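Read-outs throughout are calculated quantities, based only on the coordinates presented, and are distinct from any laboratory measurement. Treat the numbers as computed from the prediction; the structure is a model and nothing was measured. Here the Cβ positions follow ideal geometry from the backbone for every residue, glycine too, while neighbour counts run over all protein chains shown.
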Amino acid sequence: MLKKIFFSFLISIICMNMLAKGNLPVYLDDTQPIENRISDALSRMTLDEKVAMLHAQSKFSSAGVPRLGIPENWMTDGPHGIRTEVFWDEWDQADWTNDSCTAFPALTCLSATWNPKIAEVYGQAIGEEARYRNKNVLLGPGVNIYRTPLNGRNFEYMGEDPYLASRMVVPYVQGVQSNGVAACVKHYALNNQEFERNRVNVTVDDRALYEIYLPAFKAAVTEGKAWAIMGAYNRYKGQWACQNEYLLKNILRGEWGFDGVVISDWGGVNNTEQAVYNGLDMEFGTWTNGMTESRSDAYGMYYFANPLLEKIKKGEISETEIDKKVRNILRLVFRTTMNRNRPFGSFATPEHSKIARQIAEEGIVLLKNKNNILPIDKNSVKKILVVGENAIKMMTVGGGSSQLKAKYEISPLEGLKSVFGADKIVFARGYAGEKVKPQDNVKVADTYDHRPADELKNEALEKAKTADVVIFIGGLNKNPNQDCEGNDRQTLALPYNQDALISALAKVNKNLAVVILSGNAVAMPWVNEASAIVEAWYSGAEAGNALANVLSGAVNPSGKLPFTFAVKLNDYGSHTLGDYPGDSNFEETYREGIFVGYRWFEKQNIKPLFPFGHGLSYTAFEYGKASASAKIIAENENITITIPIKNTGNRAGKEVVQLYIGDEKSSVPRPVKELKHFQKIDLQASEEKNVRFTITADDLKFFDDTKHEWTVENGKFKAFIGASSADIKSVLDFILE
Ligand code: BGC
């Protein structure tokens, strides 16, 4: 009887459901294929409603269709945390009290982990924060290639190597989008400097475009299935990137089959027709001049607002062009806000703090460790002197659009005090940079020191004499002309006379560990004077705890450099060839072509300060003899390379095993070697593991710009396996027949 009642109840529920569904318009029925829902919604929209969707209605939002219940689109920076709420029409933060986010490490730090799994966790967590704050597009990640160490935005990107950036961006995008939030990969493409970013016209050959500058974008789109992409500010082939036929129409939509939305950078559109025909979908930030000026009557004046509407009404532009764009935007809406199954997200949680800390710990790179002065044993050490402004400076504020209103930020000094005990830590500032520049009214503690430079320096030197260890914490910061959007650095050198202070400290105390916080390589004239050197990036809310855990040995460092540190600026191809930052007409040719980063250093035989892929550990790894499954292969065959790696030290650690390929003879110039695979492995003390890589013909290809296709030539190749691009442990020859 009970069974009977239960079944008739079930059947009536199903019938009611069917009835209800039957009444639903197709666009609201999520059992229908998305493309049908899009067509249905589009057929119900007026021209005005369509055009309203194509451009901003506030600094970070665009209109939905209120009459049909289709929600607005809300964007947020990105890429290291969820940007604070700003006023409708201003950059200034709106003083909400519930929008202080988790600050995750900068993308350079993420990239330095060489751990795609942690990139997915990062994406998932930041996606949860975006979702909770009801944003459906996260403006990130950024994957512009590191071409010059002067680029003020390198800290927001994933380094100099297209393969590394590709492997790291795909899981980040997937993680974000698992929340029903679109990742908007930026800045597509060739935005490799901030200086004159709105005017510079880049000339680059197709080989470099396809081999160096596009792969990470392509991977994000074709493998990560990114739902959005942001056009860049700069020009290419004389057209702005946001309205660029070659980049958007031919490559992105044509070759890669992108079905998401193309969003302009804020203020990146300059012409209605070109933007309409060349593939832009949504216009943001026009009349706001990047991060500075703004005008409140802007929205109706957008290229994709009244001017577009008029042209359609006059018959100069056909409505079908607009329909294509609205289709893309509706696809975004059905994937995000109108996806009833998406999760609800979470915000500023202890779990996210833990993730931020783990990423920071895994990204920190130990560059040098003479006489194993690190880690510092917290039981035996009595007095640690901490010197340097970056030990106390907030790094989540400033830097441009990626700045955050963080729930909290643990400074290095706070982290060191909590790990080693406040009684063992003495602080001396040593130098003072300029006053902290608050951005967009986000509050920042003013730690400015008015004392004369000599007084600050002498205080540090005096205290250094009696310390067991000196930890110098300096580097760059988020002020303009350092690691900051909108302008570039002016030199490779550290600012504020830090070099002289470091050298002086090294003379007084030989146990000197230098910690650099930066998103860029810096010159280190004192490299032989400091006993230990650590690159600790900008690593978010948990920066201080992560650094202290690495310095104390609670965490064994395992980060590797995602870009080359040069001795001097002219060691980089972009500078030697004299092209950066472009001529007086804002024309800039990337004359070094495919030879970017380590590809240039190896071709020119220039010894870097620290090579791409370099990073030490507190334990030691022994690379055994590598072996290959074959010596001769055909184009459709693979080779498996196996190499045993043993942890020969007495503590657990992680190693990034890297595989590079070199082509011995080719009809075109090729790099000495290029990264094609890597694996991060975890080894207990004395543990040994075999690492396996499968090489396919794709790993041997170059982009043939005469045929416009990836191609492979028969002949001899070399597989280099090592701990960095310069620390090669095994070389195996093989032949492609
Ligand atoms: C930046 C973008 C950012 C946008 C919105 C622009 O100035 O280039 O990266 O997402 O502003 O803040």
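Expressed to the nearest 5 percent, the antiparallel share of DSSP beta bridges inside the chain is 55 percent. Annotation: amide H-H contacts under 5 Å for N234 (H modelled 1.01 Å from N, sequence separation of 5 or more, or interchain): A241. The alpha-carbon of K393 sits under 15 angstrom from the alpha-carbons of these aspartates and glutamates, leaving out residues fewer than 8 places away in its chain: E409, E414, E434, D446, D449, D483, E542.
Along the charge dipole of the chain, Cβ charges K/R +1 and D/E -1, which of Y146, F595, I502 sits furthest on the positive end? Going by the Cα projections, it comes out as I502.
If the label point is 7 Å along Cα→Cβ of E637, which residues in segment 712-737 have backbone nitrogen under 18 Å from it? Residues passing the 18 Å test: 712-719, 732-737.
Per 0.36 nm of contour for each residue apart, how much would the distance between T711 and E587 grow if the chain were fully extended, relative to their Cα-Cα spacing?
So the extension gain works out to 41.6 nm.
Overall, segment 579-737 carries a charge dipole of about 780 debye about its Cα centre when +1 sits on the Cβ of Lys and Arg and -1 on the Cβ of Asp and Glu, all other atoms neutral.
Would you kindly state how much longer the chain becomes between K603 and K437 on full extension, computed as 0.36 nm times their sequence separation minus their alpha carbon distance, in nm to one decimal? Display every interim value, and only then the final one.
Values: separation 166, 0.36 × 166 = 59.76 nm, distance 4.14 nm.
Between K603 and K437, full extension yields 55.6 nm more.
With a threshold of 26 Å on the Cα-Cα distance, the over-threshold entries among K378/K568; K701/K729; K568/K665 are K378/K568; K568/K665.
Positive end of the dipole of the chain (Cβ unit charges, origin at the Cα centre): among P116, G400, A620, the Cα lying farthest that way belongs to A620.
Computed from the alpha carbon atoms alone, the convex hull of segment 170-235 holds 82 Å³ per residue.
For the peptides 421-429, 371-379, 535-543, the ranking by mean Cβ contacts within 10 Å, running from highest to lowest, is 535-543, 421-429, 371-379. Evaluated with a Cβ-only charge set (Lys, Arg +1; Asp, Glu -1), segment 532-654 carries a dipole of roughly 740 debye about its Cα centre, given to the nearest 20.
Distant-in-sequence amide contacts of V691, defined by a placed amide H-H separation under 5 Å and a gap of 5 or more residues or a different chain, comprise I643, I645.
The angle between the Cα long axis of helix 319-335 and the main principal axis of the chain comes to about 60°, on a 0 to 90 degree scale.
Put simply, the amide H of A56, placed in the peptide plane, has neighbours under 5 Å in E283, G285, leaving out anything fewer than 5 places away on its chain. Taking the Cβ of G553 as the center, what net charge do the other residues with Cβ under 11 Å away carry, scoring Lys and Arg +1 and Asp and Glu -1? Computed value for this residue: +1.
Rounded to the nearest 20, the Cβ-based charge dipole of the chain about its Cα centre (Lys and Arg +1, Asp and Glu -1) stands at 1740 debye. Computed 3J(HN,Hα) for segment 62-75, one whole-Hz value per residue from the Karplus formula 6.51 cos²θ - 1.76 cosθ + 1.60 where θ = phi - 60°, is 10, 6, x, 10, x, 4, 9, x, 8, x, 5, 9, 10, 9, glycine and proline marked x.
Approximating the spin labels as points 7 Å out from Cα along Cα→Cβ, the D698-to-S43 distance works out to 4.0 nm.
Each residue of segment 374-385 is assigned a 3J(HN,Hα), and the resulting list reads 9, x, 8, 6, 6, 7, 8, 6, 10, 9, 10, 9 Hz, derived from the Karplus form 6.51 cos²θ - 1.76 cosθ + 1.60 (θ = phi - 60°), x at Gly and Pro.
Pulled fully out, how much extra length does the chain show between V527 and V567, if you take 0.36 nm times their separation in residues and subtract their Cα-Cα distance?
Computed gain between V527 and V567 is 13.4 nm.
Using just the helices of the chain, give the 222 nm mean residue ellipticity in deg cm²/dmol: DSSP H runs with n ≥ 4 each add -39,500 (n - 2.57), and the total is spread over all residues, rounded to 500. Walk me through the numbers before you get to the answer.
Details: 18 runs with 189 residues, N = 737.
Using -39500 (n - 2.57) per qualifying helix, the result is -7500 deg cm²/dmol.
Taking label points 7 Å from Cα along the Cα-to-Cβ direction, N379 and T576 give a separation of 5.1 nm.
Along segment 155-168 the Karplus relation, 6.51 cos²θ - 1.76 cosθ + 1.60 evaluated at θ = phi - 60°, assigns HN-Hα couplings of 5, 8, 10, 10, x, 9, 10, x, 6, 4, 4, 5, 5, 7 Hz to successive residues, with x for each Gly and Pro.
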